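Everything on this sheet refers to the single structure shown next.
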Amino acid sequence: MELYRAFIPSGKKTILHRGNPVFKLMGLVLVTIAVSLSNIYYLVFLTLLVIIEAKLADVTRRLIKAIKGIYIPILIIGSISFVLYGFWRTIEIIMRIFVMVFTVVVFLSTTTPVELSQSLEKLGLPASITMIPELSIKLIPFMIADSQNAINALILRGEIKPRRFIPKGITKMLAIIILSSLKRAELLAEALAAKFFGASHKRTILYDFTINIYDVLQLLIKILILVDLLFFGSLRYYFLFLLNIVYRILLFLLSYVL
Amino acid sequence: MIELKNVWFRYSTNRWVLKNINVRIREGFTAIVGPNGAGKSTLLKLISGFLKPTKGQVYVRGKPINSLNDLVGLVAFVPSTPIVSLIGPTVSMDFQKAVKSFNSKFDTKEIVSKLDITHLLSRKIFHLSEGETRLVSITSAFLLDTPIILLDEPTVGLDKVFRRKLLELINMFSLNKAIIIATNDLRLASRAKNVIFLEDGSIRLAGSPSHVFYNPMFQRSVGISDIVAFCTKVDPIMKINSRSLLTPDQLALVLDKMFGDQQC
């Protein structure tokens, strides 16, 4: 129900919130590329990485909310994939979705849309381009909230039967969501026009962005993962090496106990 | 009809939006009033099943509400963004679907002509203005013929004529239905049978409009203490009432005269 709250900036003051939005965006892009290319070993590593990031940003509860929000499509995709490709491929596909959703949740929870657009502008990109991600991010929570309200209102009107596997009336719901997003877009356009957007090339930059240790570290780790994935593919051996060590420790403890 | 027992609610933050709400709402017109951020809309969403209480329980007709499915056919809800509750594509088709949904006994034509909104019937939902969308979605909710009707800020964007139409609708149906509205419009709230005054997530006052409206705490909170003091002073001079205080209806009239179409 409250899925959209997972996508709103959390307003906390952790190291991730204070991080440079451009670095965070670069990290997001790197993870997106890595997720599309990686095998299960890399996916496990990326999942761990994003969970650590969520813990640092104090937004772990949002990840659980996101899982709750997407479990039905995951179940549908998972069952289709299981029939077509088998168990391990299904796990891989589900992990890919989870890593991407988690990364987006962490990014949107720690970056305000204005921060993102103004930092991109500082890099020299024109405002008409930098406003695109800002406005898109701003619209996501509204659209999700509208969708959830539409679904609930239609259930109460008896137009959607949620107990069915494929809910009846899903087309009506989509029509309402499209309609409300068009209305939202219209309002946004009016708001921009009212603020004389585009009337001048000069824009006021209110933020002073710095680079902290987290920015450098996360970017370095993600670049290393991508480089390793593209050129060496050695993470698998590190995993096996790590598993080997765990196995030996367990064996040693077992022999000690017995 | 509706009962909230020890209801607490918070969103993802640690701040409690609603604190220990205990209230019983019966048939008739009930208005939930209070300053912005008091928890009016959240309370309405809890009754509608859109949200689940963090603690406590909501009962409708004596049955505990655990999911939205428990309220299908019982509750009609018009949220603050009314477009999401309309199916369309045209107004008349939306009304027809509303009547068919739960085999409502209402005659659409009769209600539409009473409200004088026949000219809207052939219009597409997308082409309606904000006020028209709100009035259409409210009418649609009434046509569902559910015993409970919940309206979130129903007068926002409505002009005087549409507001009067809304009142006509409420008067038409309030005898055998529980109509609950969350509003900042005191003129509408003054017409209610019961008023619940929420502040900072708690129910401060509940009772008849005169009981709530003449409480100094309420007047201070909604910023009408000066107006009421003024009215009380001019009241004996104007000979409106033999008592020194105005009735809620007269107060609404004075507010109407002072603010015109503005919300107060």
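The values are calculated or read from the model by the stated rules, or taken from the named source; none is laboratory data. Fair warning: this is a prediction, and the values are worked out from it, not measured in the lab. Here the Cβ is made from the backbone with ideal geometry for all residues, glycine too, and neighbour counts use every protein chain on show. Protein only, heavy atoms only, side chains kept; ligands, DNA and RNA dropped before computing areas. Shrake-Rupley method; radii C 1.70, N 1.55, O 1.52, S 1.80 Å.
Here are some notes:
- Listed by chain and number, the aspartates and glutamates whose alpha-carbon sits under 16 Å from that of A:Lys55, ignoring those within fewer than 8 places in the same chain, are A:Asp215.
- Per-residue ellipticity at 222 nm computed for chain A from its helices equals -25000 deg cm²/dmol, with DSSP H segments shorter than 4 residues left out and the rest contributing -39,500 (n - 2.57).
- Rounded to the nearest 20, the Cβ-based charge dipole of the protein assembly as shown about its Cα centre (Lys and Arg +1, Asp and Glu -1) stands at 980 debye.
- Note on A:Met26/A:Tyr238: beta-carbon distance plugged into 1/(1 + (r/R0)^6) with R0 of 25 Å gives a FRET efficiency of 0.55.
- Within a straight-line Cα-Cα reach of under 19 Å, A:Lys161 can be paired with the following lysines, leaving aside sequence neighbours fewer than 8 residues apart in one chain: A:Lys172, B:Lys97, B:Lys100.
- 10 Å Cβ neighbours from other chains, averaged over peptide B:84-95: 4
- By the rule of a C-alpha distance below 13 Å, with chain neighbours fewer than 8 residues away ignored, the aspartates and glutamates paired with A:Lys122 are A:Asp208.
- Under-5 Å amide H pairs with B:Ile32, H placed in peptide plane, nonlocal only: B:Ile181, B:Ala182, B:Thr183, B:Ile196
- Placing unit charges on the Cβ atoms of the charged side chains and taking the dipole of the protein assembly as shown about its Cα centre, the candidate lying farthest along the positive direction among A:Leu28, A:Met131, A:Ser255 is A:Ser255.
- Largest to smallest principal axis extent of the C-alpha atoms in chain A, angstrom: 75, 51, 33
- 3J(HN,Hα) along the range A:92-108, derived from phi through the Karplus expression 6.51 cos²θ - 1.76 cosθ + 1.60 where θ = phi - 60°, amounts to 4, 4, 5, 5, 4, 5, 4, 4, 5, 5, 4, 4, 5, 4, 5, 4, 6 Hz, with x in place of Gly and Pro.
- Rounded to whole Hz, the Karplus (6.51, -1.76, 1.60) HN-Hα couplings of the range B:124-139, x for glycine and proline: 7, 4, 5, 8, 6, 6, 4, x, 5, 4, 5, 5, 5, 5, 5, 4
- Annotation: for a label point projected 7 angstrom from Cα along Cα→Cβ of A:Tyr256, residues of the range A:213-247 with backbone N closer than 18 Å are A:244-247.
- Sequence-separation-based contact order of chain A, relative, with Cα cut under 8 Å and 6+ spacing, percent: 31
- Shielding by partners - mean other protein chain Cβ count within 10 Å, residues of A:177-183: 3
- Simple spin-label estimate for B:Phe106 and A:Leu174 gives 3.0 nm between the two label positions (7 Å along the Cα-to-Cβ direction from each Cα).
- FRET efficiency, A:Leu188 to A:Ile249 (Cβ-Cβ, R0 60 Å, nearest 0.05): 0.60
- Applying the Kirkwood pairwise sum to the alpha-carbon positions of the range A:61-132 produces a hydrodynamic radius of 14.5 angstrom.
- Averaged over A:138-149, number of beta-carbon atoms from partner chains that fall within 10 Å: 2
- Taking the Cα centre of the range B:1-143 as reference, the dipole from Cβ charges on Lys and Arg (+1) and Asp and Glu (-1) amounts to some 600 debye.
- Surface listing: A:Tyr247, B:Tyr11, A:Tyr214 arranged by accessible area from highest to lowest gives A:Tyr247, B:Tyr11, A:Tyr214, probe 1.4 Å.
- Each principal axis of the Cα cloud of the range A:38-96 was evaluated for its coordinate range; sorted largest first, these ranges are 38, 25, 11 Å.
- Solvent-accessible area lost on pairing B with A (1.4 Å probe, both sides summed) amounts to about 2400 Å².
- Area of B:Met217 that stays accessible when all protein chains are in place (1.4 Å probe, Å², to 10): 70
- Solvent-accessible surface ranking, highest first, for B:Glu199, A:Glu159 at 1.4 angstrom: B:Glu199, A:Glu159
- Our note on the geometry: Cα centres of the range A:211-258 and the range A:70-119, 23 Å apart.
- Take every Cα pair under 8 Å whose residues are at least 6 apart in sequence, average their separation, divide by the length of the range A:86-195, and the relative contact order is 16 percent.
- The HN-Hα couplings worked out from phi for the range B:63-72 by the Karplus form 6.51 cos²θ - 1.76 cosθ + 1.60 (θ = phi - 60°) are 9, x, 9, 10, 8, 4, 4, 5, 9, 5 Hz, whole numbers, x standing for Gly and Pro.
- Computed from Cα atoms, the angle from the helix A:21-37 axis to the main principal axis of chain A rounds to 60 degrees.
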